[in-house]
Amino acid sequence: MTKMQIRFRLQKPLDDTMMEHIAEAHSIYGIQRVQVAPELDGLTVEYDATRLRPPEVEAALAGAGIPVTAR
């Protein structure tokens with residue numbers, strides 16, 4: 001396993017629904033950890049680079065209801 005981190009900017013303001021989606025993101029295949037930025041405008045995602053590539057992480061988050069763009 002090769003752990004990598006990538007930062008994303010949230011496309012819309014953080015709300016309760018998105019927080020629920022973020023909490024559930026740990027169950028996405030290959031994603032190890034999701035942390036909200038202190039400014040509440042982005043995420044840092046730790047993932048397994050042997051299973052996912054950055055575009056796949058972004059697509060998985062979007063599919064889980066977390067609209068992000070790469071920083």
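The values are calculated or read from the model by the stated rules, or taken from the named source; none is laboratory data. Since this is a predicted model, take the numbers as computed values, not measurements. As a convention, Cβ positions derive from the backbone with ideal geometry for all residues, glycine included, and neighbour counts pool all protein chains shown.
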Any residue in region 46-59 that is in contact with a Leu (Cβ under 9 Å, 6 or more places away or on another chain) and not acidic (D, E)? no
Among strands (runs of 3 or more DSSP E) entirely within region 9-70, at least 2 residues that are surrounded by 14 or more Cβ atoms within 10 Å (Cβ to Cβ) and modelled with pLDDT of 95 or more occur in 31-36, 42-48
Output the residues belonging to region 46-66 that are in contact with a strand residue (DSSP E or B) (Cβ under 8 Å, 6 or more places away or on another chain) and closer than 14 Å to M18 by Cβ. L61, A62, I66
